[in-house]
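The structure appears below as structure tokens.
The values are calculated or read from the model by the stated rules, or taken from the named source; none is laboratory data. Keep in mind it's a predicted model, so treat the numbers as computed, not measured. No Cβ is skipped: glycine too gets one built from the backbone with ideal geometry, and neighbour counts run over all protein chains shown. The protein model used for the area step is the full one, side chains on, heavy atoms only, and it has no ligands, DNA or RNA in it. Shrake-Rupley method; radii C 1.70, N 1.55, O 1.52, S 1.80 Å.
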Amino acid sequence: MRSILFALASLVVAAGCGDDDRGPRYRAWGHATPRPGGTLTFAVGGNVATLDPAHAYDEASLYPLYYLHDTLLGYDGTTLVPALAETWSISPDGLTISFELRDGVVFHDGTPLTAAAFDHAWRRVLRAPDSPFGRFLAPLVGAEAFAAGERDDLPGVRVDGPRRLVLTLAAPDAAFANVLAMKFTAPLVDGAAVTNGTGPFALDAWSAGERVTLRRHPRYWRPGRPHLDAIVMRESVPRELAFLQFERGELDTIDQLTLPDWLWIAAHDGWRPYVHQTPQMSVFGDRFDVTRPPFDDVRVRRALNHAVDKARLVRLLGDRGVPAHGLLPPGLAGRDDELAPYAYDPARARALLAEAGHADGLELEYVLPKDETAERLAQSMQADLAAVGVRVRLRVLSWAAFLDETTRAGGAPFSQTSWFQDYPDASSFLDTRLHSRMIAPDGEPSNNDSFYANPEVDRLLDEARRTRDPSARAAAYRQVERIVHADAPWLFGYHPVGVEVVQPYVRGFALHPVWGRDFRDVWLDLAPDGARVPR
Amino acid sequence: MQPRPWLARFARDRWAIAGVAIAVAITAIAVVGPAVAGDPTRVDVEHGLSPRGEPLPPHAGAVLGTDALGRDVAARVVHGAALSLPIAALATVLACALGIAVGVAAGYRRGWVDAALSRLVDLVHGLPYVLVVILLASALRLSALDGSIAPVAITLAAFGWPVVARPIRAEVVALRDAEHVVAARALGARPARVVVHHVLPALAGTVVVVATLVFSAALVAEATLSFLGLGPPPPAPSWGRMVAEGQPYYRTAPWLILAPATAIVLTASAFHLVARGLRDALDPLRAR
């Protein structure tokens, strides 16, 4: 009841304020070139669980790592480019990858970067109990045996002098180089803290559950970077609260706006120049357990895909998304752009259901996490499915219970799902979510939680992984796309469009197609005395 | 036949009469409304949202506006009455049944039965209400009862009965020594007979007052549980859920909170006024 009173009270307060002025409070000073200095403050909804690169795998924990650590490779757009490596080359047979390290790179503590720092970090990850990342290094010769403790050498990683690193793969793997841009592969100094990296910012303080403060790395290898003196990341700030803080000017930038907050911003022309949008490398939808009735019948799965109006789902996101025809988001190599999402066609859905022996309709249970957006979209889907005779009961669970319930064989057969890429490669979506290899035995949590096993898809995915020719790879993935589209192991939903709104004085910001929000090149356009300029 | 004095007193209480009027109106809406009002679950993006996708403010087509899915808020409030009132009623019936049983047993038997039951009442009273209610409601939602109104009603009853048991016990303690009860016992009537024929009828007034109070409290408690997501699952238009779903829109579409919140406050207040009027009418010595 107290919550209701609070809601009412805030309503009265809001009505009393009656602020017609919804535009930005501050403006840019107008410097023509980047100015050094200043602190950028932003907030995340989650808690930083760890700053150990061997374990950080959630959004909040990965944010600080993005600034603390650089890796061998990085991305220009979605193309891999050298970062800590000066040059890199892959042997013609695709089995050997050699790196020459950049000269003059030092860790935050002043230690110069050497090839041995990578070897140390990777051995650490492979032996770290419960690290989610060991599997990414499995293609290296001897990595699995090393991880299992069966051998103490790691022949797949050869340190050839202080600046040369040679990796050997057990089999050609065209996607593997992407792993070397993941933060868990960042070099570490043996005996130093795991936050001691080579990235543009060093750890200043971490008050767990409250904030992480990063300060500029004065000896960063990229000349003239970073511009900012410090970055402050506030933890566990709910989205609605973050928006209020942003409006008051306490936050310099904000993402993941709730629908009403997004509509509020979109309705005001004053904010328009400061809104950044980019398609996210992710997919949202609903998974079926294809081994369990009624979802073991492809006609039922197709019927449900035809029954849901995906254009409306996107509409209900404030147009921050595009309907999906499969798993691969727009812009990813291997996506078959000629495929269209399942047409919204209730008559066809009814016909398919009747064909599958469900002319009288179906009773289904749908499991979703407790989340405002998920609940809103689920109710829209529920209404669509009711229109074709499928009565859906919604079961809302906490995030932990939701994961537990929906990733194991024998759990809920129909539930909300989503996937965020580990790296911008079709394999990060298709291998991870649909290869039969990703079905865990004995009711363990599976990434392939549709329990979809199609030998032809497996074969094409394996072939694409071995193929180095980009166009041949893309062709194989397009073939997988078509099979997956027809088999419909998911009720394909949408690919979200990421939105970031920055204060007018935040300059040099762009949403990165791989990393999303990226403050590495940001500078603050403040008054010469460092103060913000009121509008 | 003389008009009953308490009824005359009640009729003179303007607040109580107002409460009755509102309570009757809302009950009528709960009974008749769903047949008249539109579909509360019909999602209508085409006509129920602004071109930009915002909920529509009150207008001729939807007198209380539309929500984030373009659904008619008026239809949802009406259907919400048909959902929330039965839950509160079921909770009240269960709480009264248990509360009367415990109150009578404790008050009539006295001794260790009284001591044990009174401590139990204290114990339930002392529990951190919201926390335990959340626990219980969550547990019941995992049970076979999930999906019906039973989990919420049982949860509310499990915490509502001490409110009934305490005054009943107090009254029974007094009644036990009343002349007609002592006489009945002296004539050899068995305890069960004494209770049924001589004690319970005398409790009617208290029960009516307490039940109305419990009903009013259950209504608010149901809204709280639904607000926390522990009420009937979506898309059920329970008032508490409507407030919760409308909360992010408090600036852009305040009617999403105002409509169900007004319904909650109005209904709970109405039943509370009735309870107060009844109490004063039945117990003239306590009247203002």
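Of all helices (runs of 4 or more DSSP H) completely enclosed by the range A:239-349, which ones contain at least 1 residues that are modelled with pLDDT of 90 or more, assigned by TED's automatic domain parsing to the domain that holds A:VAL392 and under 23 Å from A:PRO424 (Cβ atoms)?
Values: elements: A:239-248, A:259-266, A:298-307, A:310-315.
Passing ranges, in order: A:310-315.
Could you check, for the range B:33-50, whether at least one of its residues is within 18 Å of A:ALA378 (Cβ to Cβ), among the acidic types (Asp, Glu) and open to solvent by 80 Å² or more (accessible area, probe 1.4 Å)? Reasoning before the result, please.
From the range B:33-50, those within 18 Å of A:ALA378 (Cβ to Cβ) are B:39-45, B:48-49; that's our starting set.
Retained after the next criterion (residues that are among the acidic types (Asp, Glu)): B:39, B:44.
Cutting the leftovers down to open to solvent by 80 Å² or more (accessible area, probe 1.4 Å) gives us B:39.
Yes, the conditions are met somewhere in the range B:33-50.
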query: Out of the residues in the range B:216-239 that are facing chain A (nearest Cβ under 8 Å) and under 15 Å from B:PRO40 (Cα atoms), which is surrounded by the most Cβ atoms within 10 Å (Cβ to Cβ)?
result: B:PRO235
statement: Within the range B:1-42, the count of residues that are over 26 Å from B:ARG241 (Cβ atoms), hydrophobic (A, V, I, L, M, F, W, C) and in a helix (DSSP H, G or I) comes to 11
statement: Filtering the range A:342-373 for residues that are charged (D, E, K, R) and touching a residue at least 60 places away in the same chain (Cβ under 8 Å) leaves a count of 1
task: Within the range A:383-424, count every residue that is open to solvent by less than 20 Å² (accessible area, probe 1.4 Å), within 9 Å of another protein chain (Cβ to nearest Cβ) and either free of Cβ contacts under 8 Å to residues at least 40 places away in the same chain or not in a helix (DSSP H, G or I) (or both).
output: 1
- request: Scan the range B:181-189 and give yes if some residue there is within 12 Å of chain A (Cβ to nearest Cβ) and part of a helix (DSSP H, G or I), otherwise no.
  value: no
message: Conditions first: (1) more than 23 Å from the chain's Cα centre (by Cα); (2) open to solvent by 20 Å² or more (accessible area, probe 1.4 Å). A:ALA476 passes all but one, so which condition is the exception?
response: (2)
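Name the one entry in A:ALA347, A:ALA333, A:ALA307 that is within 14 Å of chain B (Cβ to nearest Cβ) and either under 24 Å from A:ASP449 (Cβ atoms) or open to solvent by 10 Å² or more (accessible area, probe 1.4 Å) (or both). Steps first, answer last, please.
Details: A:ALA347 fails: within 14 Å of chain B (Cβ to nearest Cβ); A:ALA333 fails: within 14 Å of chain B (Cβ to nearest Cβ).
Step by step, each of A:ALA347, A:ALA333, A:ALA307 is checked, and only A:ALA307 is within 14 Å of chain B (Cβ to nearest Cβ) and either under 24 Å from A:ASP449 (Cβ atoms) or open to solvent by 10 Å² or more (accessible area, probe 1.4 Å) (or both).
Determine which member of the set A:THR71, A:THR78 is in contact (Cβ under 8 Å) with a residue 60 or more places away in the chain, polar (S, T, N, Q) and touching a helix residue (DSSP H, G or I) at 6+ places or on another chain (Cβ under 6 Å). Step through it out loud before you land on a result.
Numbers: A:THR78 fails: touching a helix residue (DSSP H, G or I) at 6+ places or on another chain (Cβ under 6 Å).
Result: A:THR71 is the single residue among A:THR71, A:THR78 that is in contact (Cβ under 8 Å) with a residue 60 or more places away in the chain, polar (S, T, N, Q) and touching a helix residue (DSSP H, G or I) at 6+ places or on another chain (Cβ under 6 Å).
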task: Taking the options A:VAL189, A:VAL105, A:VAL194, A:VAL125, name whichever one is closer than 27 Å to A:ARG468 by Cβ and at pLDDT 95 or above.
output: A:VAL125
Output for the range A:260-293, where each listed residue is open to solvent by less than 40 Å² (accessible area, probe 1.4 Å), without any contact (Cβ under 8 Å) to a residue 60 or more places away in the chain and of a type in the set (D, E, K, R): A:ASP261
Residue that is nearest to A:ALA383 (Cα to Cα), among those in the range B:68-82 that are open to solvent by 10 Å² or more (accessible area, probe 1.4 Å) and touching a Phe, Trp or Tyr at 6+ places or on another chain (Cβ under 8 Å): B:ALA68
- prompt: Which one of these does A:ALA510 not meet: (1) farther than 26 Å from A:ASP269 by Cβ; (2) modelled with pLDDT under 95; (3) among the aliphatic types (A, V, I, L, M)?
  reply: (1)
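Name the helices (runs of 4 or more DSSP H) wholly within the range B:43-132 that hold at least 1 residues that are within 14 Å of chain A (Cβ to nearest Cβ) and of a type outside the set (Ser, Thr, Tyr)?
B:45-48, B:73-109
Considering each of A:THR111, A:THR79, A:THR33, A:THR41 in turn, give the residue that is open to solvent by 50 Å² or more (accessible area, probe 1.4 Å) and more than 20 Å from A:GLY224 (Cα to Cα). Spell out the reasoning first.
Numbers: A:THR111 fails: open to solvent by 50 Å² or more (accessible area, probe 1.4 Å); A:THR33 fails: more than 20 Å from A:GLY224 (Cα to Cα); A:THR41 fails: open to solvent by 50 Å² or more (accessible area, probe 1.4 Å).
That would be A:THR79, the only listed residue that is open to solvent by 50 Å² or more (accessible area, probe 1.4 Å) and more than 20 Å from A:GLY224 (Cα to Cα).
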